[in-house]
Amino acid sequence: MIKKSFISVISHEEKEENRGRGSVEFQVVRFTNKIRRLTSHLELHKKDYSSQRGLRKILGKRQRLLAYLSKKDGVRYKELISQLNIRKLKTR
């Protein structure tokens, strides 16, 4: 199991900008890292129900943040989705 795999999607300059660590993108990246780590943990420990519950809670939080971002700024949403490879882009 990889101990500390961090996806560095947001550039360093962008972090120091207006958005910082509280930005929606930063939070989604952190939740995605946690989700990937918990998923690999649950592949080894299938009956760890506490971790399953934690994974479901984090998935819900990320889903709400992504819904908020898609309503507020669709361009940033599409960029984040494509960088993280977490959803297929919807074509309207």
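The values are calculated or read from the model by the stated rules, or taken from the named source; none is laboratory data. Note that this is a predicted model, so its numbers are computed, not measured. Positions of Cβ are backbone-derived with ideal geometry, glycine not excepted, and every protein chain shown enters the neighbour counts. Surface areas here come from the heavy atoms of the whole protein model, side chains and all, with no ligands, DNA or RNA. Shrake-Rupley method; radii C 1.70, N 1.55, O 1.52, S 1.80 Å.
Observations on the model:
- Looking only at segment 1-46, residues that are β-branched (V, I, T), over 16 Å from I81 (Cα atoms) and at pLDDT 95 or above come to 1 in all.
- Residue ID - nearest to the chain's Cα centre (by Cα), chosen from residues in segment 35-88 that are assigned to a loop (DSSP other than H, G, I, E, B) and more than 26 Å from G22 (Cβ to Cβ): K88
- Inter-residue pairs, beta-carbon under 9 Å, first in contact (Cβ under 8 Å) with a residue 12 or more places away in the chain and in segment 55-76, second open to solvent by 90 Å² or more (accessible area, probe 1.4 Å) and not hydrophobic (A, V, I, L, M, F, W, C), 6+ apart: L66/R87
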